[in-house]
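Enquirer: Dropping the structure in here first, questions after.
Taken together, the values in this text are just the output of simple stated rules run on the coordinates, not laboratory data. In this text, all values refer to a predicted model and were calculated from it rather than measured experimentally. A quick note on method: Cβ atoms are made from the backbone with ideal geometry, for glycine too, and the neighbour counts reach across all protein chains shown.
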Amino acid sequence: MAKLCSATDWLTGYIPDLPTPFNEAGDIDLVSLARLIARAISSGASAVVICGTAGEASTLTPAEQTAVISEAVGIAGRRIRVIAGAGSNATGQAIELAARAQSAGADAVLSVVPYYNKPTQDGIHAHFDAIGRAIELPVLLHDVPSRTARPLADDTIVRLARSGRFTGLVDGSGDVPRPLRLRPRLPAGFQMLSGDDTTSFGFLASGGDGAISEVANIASDLCRTIHTYCRQGRLQSARYLQKRLLPLASSLDQDSPASLKYALNLLGLIRPDTRLPIVPLAGDSAAHLAAVLAAMADEDLAEPLGA
């Protein structure tokens, strides 16, 4: 149980899912990565996700993933935790990526339901169980059926959580009442985080602990205020702010991660470059996102926390 308890004190709030910046040559831009991590630290985030969905991990080689995680750990300097994406549809490769993340100094790994293969729930359980047994780091389960074609069933989550080798769930399915449904069946300290910015408020209001969030890269103050209001039971205030945030969340969700990179480029933080098969945001989608950002910049969205 030590592994489970070690992570719960910081797996909370809005945790930015960082993109992997590329330079003109298509190589990883470590200077821009450092800028993003420094921004997350200054925002008060408890952790960052490296090589996750926003990080285009599927286009990185294992060596590149290890290098990015190692660099992020060095930049973080224990000022912020590093959650490393380590998912694959091949169990052996997922174990290798998780072991690499552990060696690179990550604080936890994020492991997704095997995609494309369409395993049964028993197969999904066996996949995660093998990963949990192979490493010492806390493991976050990632359920995102829109990308994997298979959901992570409640019963499977409960089976895995009871083993003590898994520290939480990132729910990208938009299943808003899931925390209410699952909390009584899970061990104390098992954290439940939303992985969907468009429904994260509902997830938090249902008892979720936080969110792995692309929006938090851009509107960190607003995200932090929404989380604080939910923890305080000020749901009407949190709902009001979530409605203001929703146009941005929806715009980013349409073409992620190209949309996130485009938004951060408009803010002067990284280049908008992506790796194939993802192409940079352009045309009407880019114009719409730019308009959404401009509208947000014109408003003071978050009232003081003491109000």
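Enquirer: Spelling out what I want: for every residue of the stretch 109-118, take phi, set θ = phi - 60°, compute 6.51 cos²θ - 1.76 cosθ + 1.60 (Karplus), and round to whole Hz; glycine and proline get x.
Expert: Per residue, the Karplus-derived 3J(HN,Hα) values read 10, 10, 10, 8, 4, x, 8, 6, 5, 6 Hz.
Enquirer: Taking the Cα-to-Cβ direction at Tyr116 and at Arg183 and moving 7 Å from each Cα, how far apart do the two end points lie in nm?
Expert: 3.9 nm
Enquirer: If you don't mind, another one. For the pair Arg231 and Thr61, what calculated FRET efficiency results from E = 1/(1 + (r/R0)^6), where r is the Cβ-Cβ distance and R0 = 25 Å, to the nearest 0.05?
Expert: For R0 = 25 Å, the calculated efficiency reads 0.05.
Enquirer: Say R0 is 25 Å: what FRET efficiency, to the nearest 0.05, do Ala294 and Arg239 get from their beta-carbon distance?
Expert: Plugging the Cβ-Cβ distance into 1/(1 + (r/R0)^6) gives 0.55.
Enquirer: To the nearest 500 deg cm²/dmol, what mean residue ellipticity at 222 nm is calculated for the chain from DSSP H runs of n ≥ 4 alone, each contributing -39,500 (n - 2.57), summed and divided by the residues?
Expert: -14000 deg cm²/dmol
Enquirer: Continuing with the same structure: Please give the FRET efficiency for Val158 paired with Val279, using the beta carbon to beta carbon distance and R0 = 35 Å, rounded to the nearest 0.05.
Expert: Details: r = 40 Å, r/R0 = 1.15.
For Val158 and Val279, the calculated efficiency is 0.30.
Enquirer: Report the label-to-label distance for Val31 and Ser250 in nanometres (one decimal), using points 7 Å from each Cα along the Cα→Cβ vector.
Expert: 3.8 nm
Enquirer: Only bridges whose two residues both fall in the chain count here: according to DSSP, what percent of them are antiparallel, nearest 5?
Expert: 5 percent
Enquirer: On a full-extension model of 0.36 nm per residue, what is the gain between Ala287 and Asn89, subtracting their alpha-carbon distance, rounded to one decimal in nm? Working shown, then result.
Expert: Values: separation 198, 0.36 × 198 = 71.28 nm, distance 3.56 nm.
The Ala287-Asn89 span can extend by a further 67.7 nm.
Enquirer: Cα centroids of the stretch 31-73 and the stretch 101-175: how far apart, whole angstrom?
Expert: Taking the Cα centre of each part, the stretch 31-73 and the stretch 101-175 sit 20 Å apart.
Enquirer: For the stretch 97-167, what is the relative contact order in percent, using Cα pairs closer than 8 Å and at least 6 residues apart in sequence?
Expert: 39 percent
Enquirer: Calculate, in nm to one decimal, what Leu267 and Glu24 gain on full extension: separation in residues at 0.36 nm each, minus their alpha carbon distance.
Expert: My answer for the length gained is 85.7 nm.
Enquirer: Which of Ala290, Ala238, Ser250 sits farthest toward the positive end of the charge dipole of the chain, with +1 on the Cβ of Lys and Arg and -1 on the Cβ of Asp and Glu?
Expert: Final value for the positive-end residue is Ala238.
Enquirer: Which residue fluctuates the most in the chain, going by a Gaussian network model with Cα springs under 10 Å, if the choices are His288, His125, His227?
Expert: In this elastic network of the chain, the residue with the biggest mean-square fluctuation among His288, His125, His227 is His288.
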